[in-house]
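Have a look at the structure below before the remarks.
The values are calculated or read from the model by the stated rules, or taken from the named source; none is laboratory data. All values reported here derive from a predicted model rather than from experimental measurement. Using ideal geometry, Cβ is built from the backbone for each residue, glycine included, and neighbour counts are taken over all protein chains shown. Surface areas here come from the heavy atoms of the whole protein model, side chains and all, with no ligands, DNA or RNA. Shrake-Rupley method; radii C 1.70, N 1.55, O 1.52, S 1.80 Å.
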Amino acid sequence: TEAIMNKKVRIAVLVSGGGTNLQALIDAQADGKLSSGEIKLVIASNNEAYALKRAENNGIKTAVAVKKNCPQDEFEKKILDILDKNNIDMIILAGFMCILSADFISKWSRRIINVHPSLIPSFCGKGCYGLHVHEKALDYGVKVTGATVHFVNEIPDGGEIIFQKAVNVEDGDTPEILQKRVMEQAEWKIMPQAINDIANGKIKVVDNKVIYQ
Ligand code: GAR
């Protein structure tokens, strides 16, 4: 029926920190730019994540699965249970600073997407997250960096690339200044766009590459 056809994709956003990418998604939703998706749940890996506050301020349900001192299998079981109870269709990693196991990912194949603050395959992989990414870009001396939205597979920052956007590095940049520019010019734009396109069925994967239809 039409009611079923119009069912929105139920999105869970996984976070660990400030949640500015979550905020970009909340704002996109408020502006009608997530037309076929709806943020139903925010799950944080710690109780202190300011992202939780952002969710609460916007009437979005929250949950916490504390990573610290928790065995990986227990941590993941907790997340899987919460996703299941909330009938979630799609997972967004938005500043989620925990690596998920191959077992977890296989259960959610091509239904998890991540945003990473560099042009993958530069400055990515295990241990390369958050501000470290920008420190490495500045240490290397690249003149262009950016952000990547990709499907998540068992390789950290692996998975098919959905969107990338380049951002210039400027003289005098600090990791903090560069991080802010990459967020404003790239992450906060390509993340909501990717989610909307996926929810609208515009993206498919052929031979391990994303194509638009
Ligand atoms: C963002 O820059 C995000 O791309 C990055 O951490 C920051 C989180 O900020 N994620 C990674 O490095 C994951 N590998 P936020 O909590 O304000 O969205």
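For the chain, what is the mean residue ellipticity at 222 nm derived from helices alone (per DSSP H run of n ≥ 4: -39500 (n - 2.57); sum divided by total residues; nearest 500 deg cm²/dmol)? Walk me through the intermediate numbers first.
Numbers: 8 runs with 73 residues, N = 213.
Calculated mean residue ellipticity at 222 nm is -9500 deg cm²/dmol.
Can you order the peptides 142-151, 85-94, 12-21 by their average number of other Cβ atoms within 10 Å per residue, highest first?
Values: 142-151: 20.8, 85-94: 18.8, 12-21: 23.0.
Going by the mean number of other Cβ atoms within 10 Å, highest first, we get 12-21, 142-151, 85-94.
Please work out whether the stretch 1-129 counts as rounded, prolate or oblate from its C-alpha gyration tensor, where a ≥ b ≥ c are the square roots of the eigenvalues and a/c under 1.5 means rounded, while otherwise a/b larger than b/c means prolate and anything else oblate? Please list the in-between numbers first.
Details: a/c = 1.40, a/b = 1.31, b/c = 1.07.
Since a/c stays below 1.5, the shape of the stretch 1-129 is classed as rounded.
First compute the accessible area of the stretch 68-133 with a 1.4 Å probe, then give the percent of it belonging to carbon and sulfur atoms. Don't jump to the answer; show the numbers that get you there.
On the way: 1760 of 3340 Å².
That share works out to 53 percent.
Once you order the gyration tensor axes a ≥ b ≥ c over the Cα atoms, which shape class does the stretch 51-123 get: rounded for a/c under 1.5, otherwise prolate or oblate by comparing a/b with b/c?
Values: a/c = 1.43, a/b = 1.13, b/c = 1.26.
Here the stretch 51-123 falls in the rounded category.
Rounded to the nearest 0.05, what FRET efficiency do Lys33 and Asn168 give with R0 = 30 Å and r taken as the Cβ-Cβ distance? Could you check?
Details: r = 25 Å, r/R0 = 0.85.
E(calc), rounded to 0.05, equals 0.75.
Determine the relative contact order of the chain: mean sequence separation of Cα pairs under 8 Å and six or more apart, normalised by residue count, in whole percent. Can you show the working numbers first?
Working: 396 pairs, mean separation 42.3, N = 213.
In percent, rounded to a whole number, it is 20.
So if R0 is 22 Å, what FRET efficiency would Lys61 and Lys7 give, r being the distance between their Cβ atoms, rounded to the nearest 0.05? Display every interim value, and only then the final one.
Values: r = 18 Å, r/R0 = 0.82.
So, using R0 = 22 Å, E works out to roughly 0.75.
Going by a ≥ b ≥ c, the root eigenvalues of the Cα gyration tensor, does the stretch 1-75 fall in the rounded group (a/c under 1.5), the prolate group (a/b larger than b/c) or the oblate group?
Values: a/c = 3.10, a/b = 1.64, b/c = 1.89.
Oblate is the answer for the stretch 1-75, as a/c is 1.5 or above yet b/c matches or exceeds a/b.
What fraction of the DSSP beta bridges in the chain is antiparallel, stated in percent and rounded to the nearest 5?
Values: 15 of 33 bridges.
Around 45 percent antiparallel, to the nearest 5.
Between Ser118, Leu83, Asn46, whose Cα lies farthest towards the positive end of the dipole of the stretch 36-133 when Lys and Arg beta carbons carry +1 and Asp and Glu beta carbons carry -1, centred on the Cα centre?
Ranked along the dipole, the leading option is Ser118.
Taking the Cα centre as origin and putting +1 on Lys and Arg beta-carbons and -1 on Asp and Glu beta-carbons, what dipole magnitude results for the chain, to the nearest 20 debye? Please list the in-between numbers first.
On the way: 26 positive and 26 negative charges, 103 e Å.
That gives a dipole near 500 debye.
Got the relative contact order for the stretch 77-133 handy, in percent, Cα pairs under 8 Å and 6 or more residues apart? Don't skip to the answer; put the middle values down first.
Working: 28 pairs, mean separation 18.2, N = 57.
Reported as a whole number, the value is 32 percent.
So which of Lys61/Lys126; Lys8/Lys53; Lys33/Lys61; Lys33/Lys78; Lys180/Lys204; Lys33/Lys180 end up more than 27 Å apart, counting from Cα to Cα? Numbers along the way, then the final one.
Details: Lys61/Lys126 30 Å; Lys8/Lys53 24 Å; Lys33/Lys61 20 Å; Lys33/Lys78 31 Å; Lys180/Lys204 31 Å; Lys33/Lys180 22 Å.
Among Lys61/Lys126; Lys8/Lys53; Lys33/Lys61; Lys33/Lys78; Lys180/Lys204; Lys33/Lys180, the Cα-Cα distance tops 27 Å for Lys61/Lys126; Lys33/Lys78; Lys180/Lys204.
Kindly report the accessible area of the stretch 42-126 per residue (heavy atoms of protein chains, probe 1.4 Å, no ligands, DNA or RNA), in Å². Kindly include the intermediate steps, with their values, before the conclusion.
Details: 4330 Å² over 85 residues.
Value for the stretch 42-126: 51 Å² per residue.
Grab the eigenvalues of the alpha-carbon gyration tensor for the stretch 90-206, scale each by 5, take roots, and send me the semi-axes largest first in whole angstrom. Can you show the working numbers first?
Numbers: eigenvalues 124, 50, 23 Å².
Taking √(5λ) for each eigenvalue gives 25, 16, 11 Å, largest first.
Below 8 Å, C-alpha to C-alpha, sequence gap of six or more: please give me the relative contact order for the stretch 140-181 in percent.
Values: 48 pairs, mean separation 15.8, N = 42.
Taking the mean separation of contacting Cα pairs over the length of the stretch 140-181, I get 38 percent.
State the answer as a single residue: which of Val182, Leu131, His150 lies farthest towards the positive end of the charge dipole of the chain, with beta carbon charges of +1 for Lys and Arg and -1 for Asp and Glu, about the Cα centre.
Of the options given, the answer is His150.
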